[in-house]
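Chemist: Quick one: structure below, then a few questions.
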Amino acid sequence: MRAVSTAETAATIHPWAIHAEALKVRAGRHLAVDGLDLSLGTGVHGLLGRNGAGKTTLMRALATVLKPAGGRLTLLGSSVDGRADLRHARRALGYLPQHFGYYPRFTVREFVSYLAWLKEMPKPDIPAATQRAIDRVGLSAKADAKLRTLSGGMLRRAGVAQAIVNDPQVLLLDEPTVGLDPEQRLDLRELLRDLGTDACVLVSTHLVEDVVAACTEVVLINEGRLVWQGTPAALAEQGDDRHPGDSAAERGYSALLRRHLAEAAR
Amino acid sequence: MTTHPTLNEIDRYADGDPGLDEATVWSIEVHLETCADCRARLAGSTTAESRALVAEVAAAVDRGIAAGPAPRSRSFFRTPVRQRWFVAALLPWVAMTAGVLGTAAVLTYFLSELPSIVLLLAPLAPLPGVAAAWSRRGDPAWELIVGTPSAGLTMLLRRTAVVLVLVIPVLAAFAVLGDSRADLALMLLPCLAFTAATLLLGSLVGVHRAAVGLMAAWAAAVVAPSLATAELPVLLQPAATGGWAVVTVVLATLTLLRANSFRRVTSF
């Protein structure tokens, strides 16, 4: 007979990887996320919204960097609001911030393995996981280059590598495609599709075509509230030729946003 | 544990006898993986052909090792890169602290009617370093770090320990070499108490703000009056040593009780 710890008996499958109810998060004094209800499961979810819609604040709250000001937030079945113990959820989390700071003297490999160590991965697994993450983002040739010598797109990919190094179950990428050339963007979409098969990936972006190409679901928010949630195909059906946009999805996006703004004005 | 195969079976396995059925081959292989004795027997029954193959592979592996990059030497001075970076980032702050203390020592030497300025400033010595070690400006990757499971009091304490390891020898040197011959305990205990107070206050308002606030408060409430009156305050008389020790322990305990509040970005 031996004692069984709570960690061993905890559920390994959750109805939602990310579950927010009436979530409120402050950015400074401003309530940037104001009563958001959101449930996300496995797959790639594209987070769309105008500037100042609360995308980055929502990402920070989901990454457990910011403490919610109200409502409930559950990641992988464990509550991360208030005084809860965050370590369990944080071990299964990957996060690429919008403006990510880095240590210019570190090489890509040192940077990724430092973050792997901070994510409390078992020490013997770190070198192999680091190499795999660097390979997956296509930086193998630059693995031993110093971060300050990298271009903007390469830095962004190094950021993605540190986010995926611990095989996260919840992966939050805030504008990962900024600074990538068209070919790298295609590679990143491929990587996102691959990651989305067994993890919950939330990608915040301004580019509607990225969402349509790589995502299984679209989440549209405005002023900190959920406006619409559905598949990219359903998004394309929302608009018609009267709405601005160069593709069906862009027309659908502007149609949804206009309809929401008109309702809010009434 | 599987039963040992017979010597006859091992001979036939080593020969690659086609008469040996697959199930037997598998069970022999599974057994060989765990049994050193049978592996030794197998080595004795290998054919010349397989010995030649093994020798060829060994030579190729040796060539590959000789041609590849040399393994990294793990010399004594080779510390993990993150520690080297962290110490390098702190050195300017420690140098500044040493510079201020040196100036204070020179002033104390020339203005002998004033109380020891080194002793007055000693409690504040680690605070700039602690503030730099746990602030958004001091750590460019704060947003990445604060979302990891290791972020928290343990990490802050580790960084604070590095600052203290760098600052305390400087203080001790001033205490021993300075002509005031200040009491070593009276230099170091207030310094630890202020470090603990910074961490405790930092759990509420952020370590950076806490350090700045405490430095301003000490300068206004103790340093300025004692320079004006030219008397050492009662807080820094030898009799106060016990009080400082008690305060340090109480503040450190309270900080440990508030450990959870260092997990969010508010403490940065």
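The values are calculated or read from the model by the stated rules, or taken from the named source; none is laboratory data. Since we're looking at a predicted model, the values are computed, not measured. For neighbour counting, all protein chains shown are included, and Cβ atoms are generated from backbone atoms with ideal geometry for every residue, glycine included. Side chains are part of the model used for accessible areas, which takes the heavy atoms of the whole protein and leaves out ligands, DNA and RNA. Shrake-Rupley method; radii C 1.70, N 1.55, O 1.52, S 1.80 Å.
Chemist: Mind checking the angle between helix B:241-257 and chain B's longest principal axis? C-alpha axes, 0 to 90 degrees, to the nearest 10.
Modeler: Roughly 50 degrees, rounded to the nearest 10.
Chemist: Total Lys pairs in the protein assembly as shown closer than 29 Å by alpha-carbon, pairs eight or more apart in sequence or interchain only?
Modeler: Taking the Cα cut-off of 29 Å, the pair count is 10.
Chemist: Moving on to the next point. Can you pull the percent of chain A's accessible area that's carbon plus sulfur, 1.4 Å probe, other chains left in place? Can you show the working numbers first?
Modeler: Numbers: 6290 of 12480 Å².
The nonpolar share, carbon plus sulfur, comes to 50 percent.
Chemist: Using a Förster distance of 45 angstrom, determine the FRET efficiency expected from the C-beta separation of B:Ala40 and A:Gln131, and round it to 0.05. Intermediate results must be reported in sequence, preceding the final value.
Modeler: Details: r = 37 Å, r/R0 = 0.81.
For R0 = 45 Å, the calculated efficiency reads 0.80.
Chemist: Be a star and scan the range B:242-268 for residues whose amide nitrogen sits under 13 Å from the point 7 Å along the Cα-to-Cβ vector of A:Glu120.
Modeler: B:263
Chemist: Taking chain B as a Gaussian network, Cα atoms linked when under 10 Å apart, which of B:Thr154, B:Thr97, B:Thr46 shows the biggest mean-square fluctuation?
Modeler: So, out of B:Thr154, B:Thr97, B:Thr46, the one fluctuating most is B:Thr46.
Chemist: Further question: With label points built 7 Å along Cα→Cβ from the Cα atoms of B:Ala224 and B:His4, find their separation and express it in nm.
Modeler: Modelled inter-label distance: 9.0 nm.
Chemist: Could you state the angle between the C-alpha long axis of helix B:153-177 and the longest principal axis of the C-alpha atoms of chain B, as a value from 0 to 90 degrees rounded to the nearest 10?
Modeler: Helix B:153-177 sits at roughly 50 degrees to that axis.
Chemist: If the viscosity is 1.306 mPa s and the temperature 10 °C, what Stokes-Einstein diffusion coefficient in µm²/s follows for chain A when Rh is the Kirkwood radius over Cα pairs?
Modeler: Numbers: Rh = 19.3 Å.
In µm²/s, the coefficient is 82.
Chemist: Does the range B:184-227 come out rounded, prolate or oblate by the C-alpha gyration tensor, with a ≥ b ≥ c the root eigenvalues, rounded set by a/c under 1.5 and, if not, prolate when a/b is larger than b/c and oblate if not?
Modeler: Details: a/c = 3.62, a/b = 1.31, b/c = 2.76.
Note, shape of the range B:184-227 comes out oblate.
Chemist: For the range B:127-226, compute Rh as the Kirkwood radius over C-alpha pairs and then the Stokes-Einstein diffusion coefficient at 4 °C and 1.567 mPa s; write the answer in µm²/s, rounded to an integer. Mind dumping the intermediate values first?
Modeler: On the way: Rh = 14.8 Å.
Calculated translational D: 88 µm²/s.
Chemist: Another question about this same structure. I'd like the FRET efficiency for B:Glu56 and A:Ile13, computed as 1/(1 + (r/R0)^6) with the beta carbon distance as r and R0 of 45 Å, rounded to 0.05. Can you show the working numbers first?
Modeler: On the way: r = 51 Å, r/R0 = 1.13.
For B:Glu56 and A:Ile13, the calculated efficiency is 0.35.
Chemist: Same structure again: Please report the antiparallel percentage of the DSSP beta bridges confined to the range A:18-230, to the nearest 5.
Modeler: 55
Chemist: With all protein chains present, calculate the accessible area of B:Val234 using a 1.4 Å probe and round the result to the nearest 10 Å².
Modeler: My reading of the accessible area for B:Val234 is about 120 Å².
Chemist: For the pair A:Ala262 and B:Ala217, what calculated FRET efficiency results from E = 1/(1 + (r/R0)^6), where r is the Cβ-Cβ distance and R0 = 60 Å, to the nearest 0.05? Numbers along the way, then the final one.
Modeler: On the way: r = 55 Å, r/R0 = 0.92.
That pair, B:Ala217 with A:Ala262, gives E of 0.65.
Chemist: If you don't mind, there's one more thing I want to ask. Looking only at Cα atoms, what is the convex hull volume of the protein assembly as shown per residue, in Å³? Could you put the intermediate results ahead of the total?
Modeler: Values: hull volume 139.2 nm³, N = 534.
For the protein assembly as shown, the hull spanned by Cα atoms encloses 261 Å³ per residue.
Chemist: Something else now. Give the accessible area for B:Val176 in Å² (nearest 10); use a 1.4 Å probe, count only protein heavy atoms, and leave out ligands, DNA and RNA.
Modeler: Surface open to solvent at B:Val176 totals about 80 Å².
Chemist: Follow-up question, since we're still on this one. Sort A:Lys123, A:Lys55, A:Lys24 by accessible area with a 1.4 Å probe, largest first.
Modeler: Result, largest first: A:Lys123, A:Lys24, A:Lys55.
Chemist: In nm², what is the average projected area of the convex hull enclosing the Cα atoms of chain B? Each step should come with its number before you reach the end.
Modeler: Details: hull surface 98.2 nm².
If I average the Cα hull's projected area over directions, I get 24.5 nm².
Chemist: I'd like the antiparallel share, as a percent to the nearest 5, of DSSP beta bridges with both residues in the protein assembly as shown.
Modeler: Values: 21 of 39 bridges.
Of the beta bridges lying entirely in the protein assembly as shown, close to 55 percent run antiparallel.
Chemist: Ok, one more. Once neighbouring chains are kept in place and the probe is 1.4 Å, which whole percent of the accessible area of chain B is contributed by carbon and sulfur? Kindly include the intermediate steps, with their values, before the conclusion.
Modeler: Numbers: 9830 of 14590 Å².
Of all accessible area on chain B, carbon and sulfur atoms account for 67 percent.
Chemist: Sum up the charges of everything whose Cβ sits under 14 Å from the Cβ of A:Gly152, counting Lys and Arg as +1 and Asp and Glu as -1, but leave A:Gly152 out.
Modeler: Values: positive: A:Lys142, A:Arg148, A:Arg156, A:Arg157, A:Arg185; negative: A:Glu175, A:Asp181.
Taking every other residue near A:Gly152 into account, the sum is +3.
Chemist: Moving to a separate point now. No partner Cβ under 4.7 angstrom, meaning no disulfide-compatible partner by this rule: which Cys of chain B qualify?
Modeler: B:Cys191
Chemist: Next question, about the same structure. Mind checking the full-extension length gain between B:Leu114 and B:Val165? Use 0.36 nm per residue of separation minus the Cα-Cα distance, one decimal, nm.
Modeler: Values: separation 51, 0.36 × 51 = 18.36 nm, distance 2.97 nm.
Stretched out fully, the B:Leu114 to B:Val165 stretch lengthens by 15.4 nm.
Chemist: Here's another thing I want to ask about it. Relative to the longest principal axis of the C-alpha atoms of chain B, give the angle of the C-alpha long axis of helix B:207-218, reported between 0 and 90° and rounded to the nearest 10°.
Modeler: Helix B:207-218 and the main axis of chain B meet at about 30 degrees.
Chemist: Count the net charge of all other residues whose Cβ sits under 15 Å from the Cβ of B:Arg258, scoring Lys and Arg as +1 and Asp and Glu as -1. All intermediate terms of the calculation are to be shown ahead of the outcome.
Modeler: Values: positive: A:Lys67, A:Arg83, B:Arg263, B:Arg264; negative: A:Asp85.
The answer is +3.
Chemist: Order B:Thr148, A:Thr216, most accessible first, counting only protein heavy atoms with a 1.4 angstrom probe. Write out the running numbers ahead of the final one.
Modeler: Working: B:Thr148 5, A:Thr216 80 Å².
Output order, biggest surface exposure first: A:Thr216, B:Thr148.
Chemist: How far apart, in nm, are the 7 Å Cα→Cβ label points at B:Trp85 and B:Val205?
Modeler: 3.1
Chemist: Net charge within 14 Å of A:Ala214 by Cβ-Cβ distance, Lys/Arg positive one each and Asp/Glu negative one each, not counting A:Ala214 itself?
Modeler: Values: positive: A:Arg185, A:Arg189, A:Arg193; negative: A:Glu175, A:Asp187, A:Glu190, A:Asp194, A:Glu209, A:Asp210, A:Glu217.
Taking every Cβ under 14 Å from that of A:Ala214, the sum is -4.
Chemist: Let me ask another. Quick one: which residues, 5+ away or cross-chain, put their amide H under 5 Å from the amide H of A:Glu217? H built at 1.01 Å from N.
Modeler: HN-HN under 5 Å from A:Glu217: A:Val44, A:Gly46.
Chemist: Just to confirm the filter: which trypsin sites (Lys or Arg not before Pro) across the range B:121-177 are DSSP coil and have at most 16 other Cβ within 10 angstrom of their Cβ?
Modeler: Values: sites: B:Arg136, B:Arg137, B:Arg158, B:Arg159; in loops: B:Arg136, B:Arg137.
Taking the range B:121-177 and a limit of 16 other Cβ atoms within 10 Å, the loop trypsin sites (Lys or Arg not before Pro) found are B:Arg136, B:Arg137.
Chemist: Of B:Ala141, B:Ala125, B:Ala40, which has the largest mean-square fluctuation in a 10 Å C-alpha GNM of chain B?
Modeler: The residue with the greatest mean-square fluctuation here is B:Ala40.
Chemist: If you don't mind, another one. On a C-alpha basis, how far is the centre of the range B:206-225 from the centre of the range B:122-199 in Å? Whole number, if you could?
Modeler: Here the answer is 15 Å between Cα centres.
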